Amino acid sequence: MDTRKIQTVGGGTYTVSLPKEWAESENCTAGTTVNLHTHIDGLLVIQTPESQTTARNRLTLEVGNDDPAETEQLLRAAYAAGVESVALELPDGYSDEQHRAIERVTRNLTGVTIAEETGSTVTVQTLLDAGEVSVSQSVRQLQFVALSMHRDAMAALTTGTTSDRWGDRDEQADRLYAMIDRYFERGLARLDEIDALGQTRPELFTLWGTANELERVADHAERIGTVADRLDGQPDERIITALDDIAQDVRAVVEDAVRVIIGDACVDTARQTLATRRDVRERITSLDRQLFESGDADYRLTRALDSLTRTAEHGGNIAELGLRMAVRDGAFSDPATDTDEANASSSTAETES
């Protein structure tokens, strides 16, 4: 890191000299025009137009006779990397399976469409505008979808009820996470993307980390639903009551932790959430032991209990992100320091008077 002293020139304009090594490496001389980027997190970035470190907006891929699954993976990777337009070149034409894979991507990713199509080329384009995207609202929606999946999965486990919207909500959760992941990646690579999203880099990282955990909550909801489908009959009433109570607290861990992240709850809620997680761990361990000792419960229930434990862990991880955010933002202050500062201000005021 280099330091420079700010100076003034005629008219009160502030100036600062540029490091010579940087100027020479970027071919800057007297008269060169540079771009100045001011950001909401207080940073001022200087760039020459020729060396802007922006994400690749257009990409051309030769697909050939690749497996349709690989074609889909390439498109998903390009979406996550922040690419806006992907031209798939298929010199020998594309198979029905490849075309269905491309259509599946456009259906399951937000803002993606087939912009142009010929006999040998398919251009897939993302039309999302960062200025119209709210990452925090997307995280809120992802939490709602994941917990609704969890609620229905537990209902299927304890009562045998099923929901025909299961697959739709799983796809919705994947779609929301993919969009958040995309804008996190673009925020790392593009200087203008952060400002368009209205988030600082630490804020965007926290939201992305939260979305990561919520996607896993949805995955475990799906796993619980799978266990419910394979159970040989329903658990007895005692086990059902214990499972319902645990599941309700597990969802509360996730919901309260997310409330801290998006600003609907204070840091004390994060602390309470972590305490609830510890309590849930103990209750799940106790119930697991009871099932093992009784020997009359379906062994598949232990997989559901494992998913309940992991869901609570993911919620706790979000709460820990909330604590980290609180420390970063100064929510934890040292009373002694505050008192010293107050005394210093008081002494200064008395001296001036």
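Summed over region 168-206, the residues that are open to solvent by less than 10 Å² (accessible area, probe 1.4 Å), out of contact with any strand residue (DSSP E or B) (no Cβ under 9 Å at 6 or more places or on another chain) and modelled with pLDDT of 90 or more give a count of 5. Residues in region 21-31 that are surrounded by 10 or more Cβ atoms within 10 Å (Cβ to Cβ) and either of a type outside the set (Asp, Glu) or at pLDDT 90 or above (or both): 5 in all.
Being outside any helix (DSSP H, G or I), farther than 25 Å from Ile40 by Cβ and open to solvent by 70 Å² or more (accessible area, probe 1.4 Å) is a description that applies to Thr162.
Taking the conditions (1) open to solvent by 70 Å² or more (accessible area, probe 1.4 Å); (2) modelled with pLDDT of 85 or more in turn, Gln52 satisfies each one other than (2). Picking from residues in region 92-115 that are at pLDDT below 90 and of a type in the set (Asp, Glu), the one that is surrounded by the fewest Cβ atoms within 10 Å (Cβ to Cβ) is Asp96.
Let's see how each residue does on (1) modelled with pLDDT under 95; (2) over 23 Å from Thr161 (Cβ atoms); (3) over 20 Å from the mean Cα position of the chain (by Cα):
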site	(1), (2), (3)
Gly233	yes, no, yes
Asp245	no, no, yes
Ala265	yes, yes, no
Glu313	no, yes, no
Phe332	yes, yes, yes
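Tell me, please, whether a residue that is closer than 30 Å to Thr38 by Cα and not polar (S, T, N, Q) can be found in region 210-223. Yes, region 210-223 has at least one match.
State yes or no: is Ala155 closer than 30 Å to Tyr299 by Cα and of a type in the set (A, V, I, L, M)? When the stated conditions are applied, Ala155 passes them.
Would you call Gly131 over 17 Å from Asp174 (Cβ atoms) and assigned to a loop (DSSP other than H, G, I, E, B)? Here the answer is no, as Gly131 does not meet what is asked. The residue that is modelled with the lowest pLDDT, counting only those in region 321-330 that are open to solvent by 70 Å² or more (accessible area, probe 1.4 Å) and in a helix (DSSP H, G or I), is Arg328. Screening Arg238, Arg251 for residues that are surrounded by 18 or more Cβ atoms within 10 Å (Cβ to Cβ), part of a helix (DSSP H, G or I) and charged (D, E, K, R) leaves exactly one candidate, Arg251. Scanning region 267-320 for residues that are of a type in the set (Gly, Ala, Ser) and not in a helix (DSSP H, G or I) gives Gly295, Ala297.
Val86 meets all of the listed conditions (1) touching a Lys or Arg at 6+ places or on another chain (Cβ under 9 Å); (2) touching a residue at least 40 places away in the same chain (Cβ under 8 Å); (3) part of a strand (DSSP E or B) but one, namely (2).
Would you pick out the residues in region 117-128 that are surrounded by fewer than 19 Cβ atoms within 10 Å (Cβ to Cβ) and either in contact with a Leu (Cβ under 8 Å, 6 or more places away or on another chain) or in contact (Cβ under 8 Å) with a residue 24 or more places away in the chain (or both)? Matches in region 117-128: Gly119, Ser120, Thr121, Thr123, Gln125, Leu128.
Determine which member of the set Leu274, Leu301, Leu308 is farther than 16 Å from Met154 by Cα and either in contact (Cβ under 8 Å) with a residue 60 or more places away in the chain or surrounded by 13 or more Cβ atoms within 10 Å (Cβ to Cβ) (or both). Checking each option against the conditions leaves just Leu274.
The values are calculated or read from the model by the stated rules, or taken from the named source; none is laboratory data. What you see is a predicted model, and the numbers here were worked out from it, not measured in a lab. Neighbour counts are summed over all protein chains in view; Cβ atoms, including those assigned to glycine, are modelled from backbone coordinates with ideal geometry. Remember, those area values only see protein heavy atoms, side chains included, never the ligands or the DNA or RNA. Shrake-Rupley method; radii C 1.70, N 1.55, O 1.52, S 1.80 Å.
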